[in-house]
Amino acid sequence: MFRVGLTGGIGSGKSAAAECFRELGIHVVDADWAARVVVQPGKPALEQIAQHFGAGVLLDNGELNRAQLRTLIFDAPEDRAWLESLLHPLIREEILSSLEQGSSPYAILESPLLIESGQHQLVDRICVVDLPESLQVERASARDKNHKEQIRKIMAAQLNRQERLEKADDVLDNSAGLAELRSQIEILHQRYLLQAASIQN
Ligand code: ATP
């Protein structure tokens, strides 16, 4: 199946763009959702994480305490590497099987760290939602009621705008309103339909 990776920095408008694709009938898989599924209670990965880091990494209801895990690996590169080598292949499998479950002519993988995580290897094209970094900070802080400093810290851990654009096959300019975003997506959608049809023939 023809697959498009949809990415962009924090607050760039990935979710808004993904919603437009959904409205056009396109199957969208959310990489963040896949990352949560693989560590749900009952999944072997959660047991392995609890064994490695101790039961303190679980909440009272048995779910993963993500904030605690983030703190534990923050200054511990070996533990971080261990966790990534456990989770990355599982997330990849979950994404691939979820992408297969769709029946639309092509599928979208929405992932904030598509390129950084190597998930771009799972898709045929990379579509970047782009906007000036100042607007990104403004929209993300308005949405999350977060301090701008906090948003800038998250941005520093992601690719910068230029690096991301260099990897893009397609760019959605989200500096204007949602109607403008939607009309760019309608045009891209027509191109993707043609590309999907051409790889099937
Ligand atoms: P994150 O990676 O942080 O989850 P995201 O890339 O999915 O972010 P969205 O949540 O889609 O970004 O958008 C960020 C905020 O900006 C939201 O509040 C959204 O409603 C708003 N937004 C998105 N696109 C536009 C637009 N074109 N005009 C105005 N507001 C927008």
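Annotations for the structure displayed:
- Given (1) open to solvent by 80 Å² or more (accessible area, probe 1.4 Å); (2) under 17 Å from the mean Cα position of the chain (by Cα), number of the condition L165 does not satisfy: (1)
- S141 being near the ligand (Cβ under 10 Å from one of its atoms), of a type in the set (S, T, Y) and assigned to a helix (DSSP H, G or I): yes
- Checked against (1) farther than 14 Å from T7 by Cα; (2) open to solvent by less than 70 Å² (accessible area, probe 1.4 Å); (3) under 18 Å from the mean Cα position of the chain (by Cα); (4) of a type outside the set (A, V, I, L, M), R143 passes all but a single condition, namely (2).
- Residue within segment 122-130 that is surrounded by 15 or more Cβ atoms within 10 Å (Cβ to Cβ), within 13 Å of the ligand (Cβ to nearest atom) and β-branched (V, I, T) present: yes
- From P89, P105, residue being open to solvent by 10 Å² or more (accessible area, probe 1.4 Å), in contact (Cβ under 8 Å) with a residue 40 or more places away in the chain and within 30 Å of L172 (Cα to Cα): P105
The values are calculated or read from the model by the stated rules, or taken from the named source; none is laboratory data. Because the structure is a prediction, the values reported are computed rather than measured. Because the Cβ atoms are built from the backbone with ideal geometry, glycine has one as well, and the counts that use them run over all protein chains shown. Just the protein is used for accessible areas: all its heavy atoms, side chains included, with ligands, DNA and RNA removed. Shrake-Rupley method; radii C 1.70, N 1.55, O 1.52, S 1.80 Å.
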